[in-house]
Amino acid sequence: MSAPQPLCHLIGLAPEEFSREENILVEYILFSEICRELKNLYAQQFKTYLRLLKLNKEEEENMIEQQNTVSIINDILATQAYDVEGLANYTFTPSDVIHEILEGKNPSPSAPFIRRVIEIHQSLRPELYESLIKKVLYQLAWQSNEGHKDS
C-alpha cells in the first residue's frame, strides 16, 4: 500500500496551502470527526445488544469505544483484502496484539495503530468515507453558522 493521503484531500483541500500547524489541526479535526462518525455508525449495530445489558450511559460509551476498532478490523478482514498478518505488517503491530484487540483483551490500542487501520479501511471502503466526510462537512458548516449567529 502506498503512503496515505492526508485526510484533507477527502474534502478537496490542498495541504500545501496551509502552514504545518494548520495542516496538523485540519488533519486532527477530520480524523476526530471521522472516528466519531464511525463510532456512531457501528454503535447502531449494537444498539439492541446494549439495551439488553442495561448499562448506564458511561458504561455504554466505553463499550462502544472498545468495540469500534474491533468492528473496523472485522470489516477489513471481511473484504479479504487483508488478513491479520497483512494488518500486522501495514500497522507495524505484532499479529498477537491484533488478535488481543479482536478478542477484547486489548481495549485501548494506540492512536497510530488506529490511524493506520482507518487508512486501510478508507482505501477499501471509499464510498463509506465519502459519505462520512459529507456528513462531517455538513456538521462543521452548521456549527460554524451557529457560532456566527451567537456573536
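Values in this text are rule-based calculations from the coordinates and carry no lab data. In this text, all values refer to a predicted model and were calculated from it rather than measured experimentally. Neighbour counts run over all protein chains shown; Cβ positions are idealised from the backbone, glycine included.
Below 10 angstrom from the Cβ of Asn23, what's the summed charge of the other residues (Lys, Arg +1; Asp, Glu -1)?
Value of the local net charge: -4.
Using helices alone, what [θ] at 222 nm do you get for the chain, with -39,500 (n - 2.57) per DSSP H run of 4 or more residues, divided over all residues and rounded to the nearest 500?
-24500 deg cm²/dmol
Scan region 45-98 for chymotrypsin sites (Phe, Trp or Tyr not before Pro) in coil per DSSP, keeping those whose Cβ has at most 12 other Cβ atoms within 10 Å, and list them by number.
Within region 45-98, the qualifying chymotrypsin sites (Phe, Trp or Tyr not before Pro) (loop, at most 12 other Cβ atoms within 10 Å) are Phe92.
Write down Rg/Rh for the chain, rounded to two decimals, with Rg from the C-alpha atoms and Rh from the Kirkwood relation over Cα pairs.
Here Rg/Rh amounts to 1.00.
Let me know the longest stretch in the chain that avoids all trypsin sites (Lys or Arg not before Pro) found in a DSSP loop with at most 11 other C-beta atoms within 10 Å.
Maximal segment without exposed cleavage sites: 1-53.
Go through Tyr42, Leu53, Phe31 and say which Cα lies farthest out towards the positive end of the charge dipole of the chain; charges sit on Cβ, +1 for Lys and Arg, -1 for Asp and Glu.
Result: Leu53, furthest along the dipole toward the positive end.
Relative to the Cα centre, what is the charge dipole magnitude of the chain, using +1 at the beta carbon of each Lys and Arg, -1 at the beta carbon of each Asp and Glu, and rounding to the nearest 20 debye?
The dipole magnitude comes to about 440 debye.
What is the count of Lys pairs in region 7-150 whose alpha carbons sit under 23 Å apart, if the two are 8 or more places apart or on different chains?
Lysine pairs satisfying the spacing and distance rule in region 7-150 number 13.
Wrap a convex hull around the Cα atoms of region 16-67, take a quarter of its surface area, and give that in square nanometres.
Spelled out: convex hull of the Cα atoms, projected over all directions, averaged, 4.4 nm².
Assuming R0 = 30 Å, what is the FRET efficiency of Asp96 and Glu27, from their Cβ-Cβ distance, to the nearest 0.05?
0.50
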